[in-house]
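Enquirer: First the structure, then my questions, so here it is.
FYI, it's all coordinate maths here, none of it is from the lab. Quantities reported herein were computed from a predicted structural model and do not represent experimental measurements. Here the Cβ positions follow ideal geometry from the backbone for every residue, glycine too, while neighbour counts run over all protein chains shown.
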Amino acid sequence: GKNCNCGPSCGNRVLTNRQITRTRPAREIGKGWGLVALDDVKPGDLILEYVGEVLTEKEISSRLEEHERLKPNDPNFYIMELQGGWFIDARDKGSLSRFINHSCSPNCQLERINVGGYTRIGIMCIRPIKGGQFLSYDYQFDTAHASTFPCACGSANCRGTMKGGKVEEGEGEEVKEDKRNRDQKLRDARAREEKDRAYICKVEGLMKERLNEVGMAVPGSTKGNEEMVLAGPQMKYRYTMRDGNLALWRNAKKGYEGILMKGAK
């Protein structure tokens, strides 16, 4: 950022450089949807950034009231405090980070990071994670109703609730009276699952769309292999790149040669 003189190679720019972990949503027993790491992750690595709509405290209060009125049986919340008076809501707009479940003994934690003068939230690994393991962090819900948010992490130090701070003895074990019948609960659970599936499909569709914007052939090409992207930058495009301010020729050549060297190992 502006307060760093180390240059682009600075190791403290994981958010800026989007050095995120490969992940995918999966069903986690007893918890609904969860998020799995596809590769091994070491402590200090960035998992994902927690993103969503940035709203004021007044806007968040209004949304919570509306949610309570329209969806009283939906206990899922995706609101995160960003900084004083500002919050992130990832319910409708966000990333796959919204699928990470709570644990009282998590393998990740939230870190607020200053990027160019703006606060952003990174989800960081705090202990070794093997590829295929579910990700988790401590939700630390700010609520006076611990029993409304029971914990199902099953860890040895489980508090019994996703509420943060000190939990009074037996507080997490209380059972909130639920007037819904079994059929209504089933309908609510199915509706939430369908909504989450639709969200996942939307995110995966956007990812494929971005990938499809770069094809195998040079844009506009109708020739043979010499016009393929994998053939590397062609000398005849050198001045077009320069005059159009598309890229530095030396960087294009260096990047391609690096890919060849990596593939040869």
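Enquirer: Please work out the Cα center distance from the range 129-143 to the range 58-121, rounded to the nearest Å.
Expert: About 14 Å separates the Cα centre of the range 129-143 from the one of the range 58-121.
Enquirer: Shifting gears a bit: For the range 101-152, what is the convex hull volume of its Cα atoms per residue in Å³? Can you show the working numbers first?
Expert: Working: hull volume 5.1 nm³, N = 52.
That works out to 98 Å³ per residue.
Enquirer: Follow-up. Would you calculate the separation in nanometres between label points at Met241 and Thr148, each defined as 7 Å from the Cα along the Cα-to-beta-carbon direction?
Expert: Taking the simple label geometry, Met241 and Thr148 are separated by 5.7 nm.
Enquirer: Average the reciprocal distances over every distinct pair of alpha-carbons in the range 23-110, invert the result, and give the Kirkwood radius in Å. Numbers along the way, then the final one.
Expert: On the way: mean 1/r = 0.0684 Å⁻¹.
Kirkwood radius, the range 23-110: 14.6 Å.
Enquirer: Let me ask something additional. Can you order the peptides 110-118, 83-91 by their average number of other Cβ atoms within 10 Å per residue, highest first?
Expert: Details: 110-118: 13.0, 83-91: 15.4.
Descending packing order for the listed peptides: 83-91, 110-118.
Enquirer: Can you check what the net charge comes to around Thr21, using other residues whose Cβ is under 9 Å from the Cβ of Thr21 (Lys, Arg +1; Asp, Glu -1)? If you can, show how the numbers build up before the last one.
Expert: On the way: positive: Arg22; negative: Asp39, Asp45.
Every neighbour counted, the sum reads -1.
Enquirer: Within the range 60-103, which residues have the backbone N less than 11 Å from the label spot 7 Å out from Lys31 along Cα→beta-carbon, could you tell me?
Expert: Once the point is set 7 Å along Cα→Cβ of Lys31, 99-103 turn out to lie under 11 Å by backbone N, inside the range 60-103.
Enquirer: Could the peptides 235-243, 40-48 be put in order, highest first, of the mean number of other beta-carbon atoms found within 10 Å of their residues? Before the final figure, lay out each step's value.
Expert: Working: 235-243: 11.1, 40-48: 17.3.
Sorting 235-243, 40-48 by mean packing, highest first, produces 40-48, 235-243.
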